[in-house]
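A short write-up of the structure that comes next.
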Amino acid sequence: MFTEKQIKLAAAASAMAHPVKVAILECLTSSDEWHESSLADKINLPQDSVQKGLLELRALGLIEGSVSKERMRFRLNKENWEEFKNYIKSNFD
């Protein structure tokens with residue numbers, strides 16, 4: 001009934017429908033990597049709200065996480081982010 005691309009776009013678009021996740025993505029597009037606590041400080045939101053948003057974005061594959069010096073660092077999954085942007089441009093321009 002629906003294509004794989006349609007399903008992926010719908011999932012990513014639902015993530016973009018929440019201001020916390022939009023703020024996280026804005027930060028991650030402006031810098032290579034962020035620690036979870038630094039993101040919470042930058043966005044000026046409680047760390048648990050930021051953590052929930054990070055987990056959802058990571059589950060969608062829009063961001064990646066890694067451990068560095070016992071702290072989680074997050075960055076965009078550039079391949080999936082580009083795919084998402086290109087899909088939007090090609091279908092809604």
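Just a few scattered comments:
- Of residues in segment 33-67 being of a type outside the set (A, V, I, L, M, F, W, C), open to solvent by less than 40 Å² (accessible area, probe 1.4 Å) and assigned to a strand (DSSP E or B), the one farthest from Ala11 (Cα to Cα): His35
- For Val50, the test of being within 17 Å of Arg71 (Cα to Cα), without any contact (Cβ under 8 Å) to a residue 40 or more places away in the chain, of a type outside the set (D, E, K, R) and out of contact with any strand residue (DSSP E or B) (no Cβ under 8 Å at 6 or more places or on another chain) is passed.
- Of residues in segment 16-32 being open to solvent by less than 70 Å² (accessible area, probe 1.4 Å) and within 17 Å of Asn86 (Cα to Cα), the one nearest to the chain's Cα centre (by Cα): Leu25
- Residue match in segment 82-92 (condition: open to solvent by 60 Å² or more (accessible area, probe 1.4 Å), over 16 Å from Met16 (Cβ atoms) and at pLDDT 85 or above): no
The values are calculated or read from the model by the stated rules, or taken from the named source; none is laboratory data. This structure is a prediction, so every number in the text was calculated from the model and none was measured. Every residue, glycine among them, receives a Cβ derived from its backbone with ideal geometry; neighbour counts consider all protein chains shown. To get the accessible areas, we keep the full protein, side chains included, count just its heavy atoms, and leave off ligands, DNA and RNA. Shrake-Rupley method; radii C 1.70, N 1.55, O 1.52, S 1.80 Å.
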